[in-house]
Structures are given as structure tokens and as C-alpha cells.
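This report concerns only the one structure given below.
The values are calculated or read from the model by the stated rules, or taken from the named source; none is laboratory data. All figures in this text were calculated on a predicted structure; none of them were measured in a lab. Every residue, glycine as well, gets a Cβ built from its backbone with ideal geometry; the counts of neighbours run over all protein chains shown. Just so you know, the surface numbers come from the protein's heavy atoms only, side chains and all, with ligands and any DNA or RNA stripped out. Shrake-Rupley method; radii C 1.70, N 1.55, O 1.52, S 1.80 Å.
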Amino acid sequence: MKNIIITLTLLCSFSFSSQAEKTYQTDTIKKVHLQEKGEVWKTQVLSDPLHSRVYQRSQNPRFRGHWSGFNLGFADFSISNEQLNGAGDYLELERKNSLVMQFNMFQYSMRLNKLNNIGLVTGLGLEYQRFRFANKNSIERGEGGQIYPMEIENVKKSSFKNLYLTVPLIFEWQFPAKKYQRTYVAAGVMGGLRLHTKTKVVYKNENGNTRRMKNSGNYSMNPVKADAVVRIGYYKLAVWGSYTLTNMMEKNKAPEIHPYTIGFGVNF
């Protein structure tokens with residue numbers, strides 16, 4: 001009887017010691033991971049007879065998309081001249097000097113799943129377009145709103161500029177990358193409301209002096225636009241592209257123009 005009592009006592013002591021050791025080990029692992037990643041991650045330890053595995057899941061209930069920031073891109077026109085018999089040659093652009101800048105100031109993200117890696121992103125921003133004409137001409141609006149080329153002598157550079165207020169609706173999918181940051185792929189549409197349009201010509205007059213001529217107007221521009229947008233990025237860096245689905249100018253008043261842009265961006 002005495003031997004049985006001693007044996008049971010030893011077994012209970014061994015079991016209690018093993019449980020305490022496991023608890024200490026688990027707490028140690030949790031503390032290490034919390035120090036490395038802050039309070040965003042939770043560590044779970046699952047044991048089996050052969051080994052232990054550590055699983056981590058996000059405890060942040062918010063999905064944060066990648067829209068707010070600054071984007072810079074190089075633009076060109078996709079032009080259809082079927083109805084105007086090639087009259088759109090004067091709209092040919094210098095690609096390296098035709099720029100689009102986006103200032104995305106406000107962002108709202110909405111998650112679509114429990115893993116917080118799929119969601120919708122919207123916001124508010126400004127888009128500035130500067131299209132540089134390759135043939136050193138400008139454009140003017142004639143009777144009935146028709147758009148014609150305007151020839152000027154001794155032109156150094158000629159630009160067509162637009163400013164839009166933009167609102168996107170983007171579907172974004174995120175997946176883990178190195179150092180606990182996230183890579184993402186996003187696609188959707190971006191609407192734009194035109195705020196201002198003007199042309200600017202830099203030329204030399206007959207005395208050889210440099211002059212600038214600026215003319216503001218609507219140039220038969222459509223008041224709104226819709227762009228298809230694709231973005232691929234890692235952390236705060238992104239590569240993006242857009243294609244304007246709507247005609248930039250009014251039908252039958254100018255060639256059918258669909259700007260497209262490829263560029264890079266930095267997220268805030």
C-alpha cells in the first residue's frame with residue numbers, strides 16, 4: 001500500500017511539472033512574438049505527439065486598402081479617326097512629356113472577409129493631366145463646338161491640361177510578403193468630374209522673345225469620365241495603369257479620344 005501511494009505521488013508531481021513547463025513555454029513564445037509584431041498578431045500553439053506548430057492570425061479588425069497617396073504616370077491617346085478621316089493627327093502626343101499626376105487625399109476601406117485581406121476601397125482625390133502635343137500645334141473650339149488644330153509659328157512647346165475631382169471604387173486583394181508587410185493586387189473603376197481645362201503655348205515672337213499664351217475653356221470636353229484602373233504594389237510602393245472608358249470629348253465634335261496611363265505611386 002505504501003509503495004502504491006509513493007508511485008501515485010511521483011506520477012502526479014511529474015504531470016504537474018510537465019504542465020507548468022508547457023505553460024511557461026507557451027507564454028514565452030507569445031511574449032517573443034508580441035515583441036516582434038506588436039499587438040496585431042496572436043500566437044496559438046497546437047501540440048501533437050511528434051512536434052508543435054505555431055500559427056498566427058491577425059487580430060486587427062480593420063482592412064486597410066492602398067489608395068491615398070501620390071501617383072505619377074506617362075500618358076498617351078488612343079484615337080479613332082474613322083468619322084473624321086484622319087483629322088486627329090494634330091492630337092499626337094509626346095509620351096515622355098505627357099504626364100498624369102494624382103493626389104489621392106482621402107480613403108475609406110471596407111473589408112469583405114474575416115481574414116482582412118479582401119476588401120473595397122473608395123476615397124476622394126484630384127487628377128492633373130498635362131498632354132504635350134508632338135506637332136507643336138494647339139487646338140481651338142470653332143462654331144458648333146468643333147475642335148480644330150491651331151497653327152502657331154516658332155512654337156517651343158504646346159500643352160493641353162485638365163483637372164479632375166476623382167472618386168474610385170476598387171476591389172483589392174492582399175497577401176503576405178516579407179517582414180510582415182503585404183503585397184496587393186487591385187482593380188476597379190475611377191470616376192472623374194472635370195473642374196478645369198486650358199491650353200498653354202510657349203513660342204517666340206517676331207523679335208525672338210519667349211511668350212506664353214494660355215486659353216481656358218471647355219473645348220467640347222465631356223464633364224465626367226470613367227477610368228478602368230489596375231494597381232499592383234508592395235507596402236507603400238505601387239505600379240498602376242488606367243484606361244479612360246468614356247470618350248474624352250463630345251461625340252462628332254472631335255476624334256474619339258481615350259487616354260491611357262502607366263506609372264508608379266507612393267501610398268501614405
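The rows are residues; the columns are (1) in contact (Cβ under 8 Å) with a residue 24 or more places away in the chain; (2) in contact with a Phe, Trp or Tyr (Cβ under 9 Å, 6 or more places away or on another chain); (3) of a type outside the set (A, V, I, L, M, F, W, C).
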position: Arg95; (1), (2), (3): no, yes, yes
position: Leu99; (1), (2), (3): yes, yes, no
position: Asn116; (1), (2), (3): yes, yes, yes
position: Gly119; (1), (2), (3): yes, yes, yes
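When the strands (runs of 3 or more DSSP E) confined to the range 177-268 are screened for residues that are under 23 Å from Tyr148 (Cα atoms) and in contact (Cβ under 8 Å) with a residue 12 or more places away in the chain, those reaching at least 3 such residues are found at 182-204, 210-216, 256-267. Among the residues making up the range 200-259, those that are under 28 Å from Asn154 (Cβ atoms), surrounded by fewer than 14 Cβ atoms within 10 Å (Cβ to Cβ) and of a type in the set (S, T, N, Q) are Asn205, Asn207, Asn209, Thr210, Ser216. Do you know which residues across the range 146-199 are more than 17 Å from the chain's Cα centre (by Cα), small (Gly, Ala, Ser) and modelled with pLDDT of 90 or more? Within the range 146-199, Ser158, Ser159 meet the criteria.
Condition check ((1) part of a strand (DSSP E or B); (2) in contact with a strand residue (DSSP E or B) (Cβ under 8 Å, 6 or more places away or on another chain); (3) open to solvent by 90 Å² or more (accessible area, probe 1.4 Å); (4) closer than 13 Å to Thr199 by Cβ) across all residues:
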{"site": "Ile139", "(1), (2), (3), (4)": "yes, yes, no, yes"}
{"site": "Ile152", "(1), (2), (3), (4)": "no, yes, no, yes"}
{"site": "Lys156", "(1), (2), (3), (4)": "yes, yes, yes, no"}
{"site": "Asn162", "(1), (2), (3), (4)": "yes, yes, no, yes"}
{"site": "Leu165", "(1), (2), (3), (4)": "yes, yes, no, no"}
{"site": "Pro168", "(1), (2), (3), (4)": "yes, yes, no, no"}
{"site": "Phe171", "(1), (2), (3), (4)": "yes, yes, yes, no"}
{"site": "Phe175", "(1), (2), (3), (4)": "yes, yes, no, no"}
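In the range 99-116, the qualifying residues are those that are surrounded by 15 or more Cβ atoms within 10 Å (Cβ to Cβ) and more than 27 Å from Thr261 (Cα to Cα), and the one that is modelled with the lowest pLDDT is Asn116. Looking across the range 42-80, the residues that are touching a strand residue (DSSP E or B) at 6+ places or on another chain (Cβ under 8 Å), modelled with pLDDT of 50 or more and either open to solvent by less than 30 Å² (accessible area, probe 1.4 Å) or polar (S, T, N, Q) (or both) come down to Phe63, Gly65, Trp67, Ser68, Gly69, Asn71, Gly73, Ala75, Asp76, Phe77, Ser78, Ser80.
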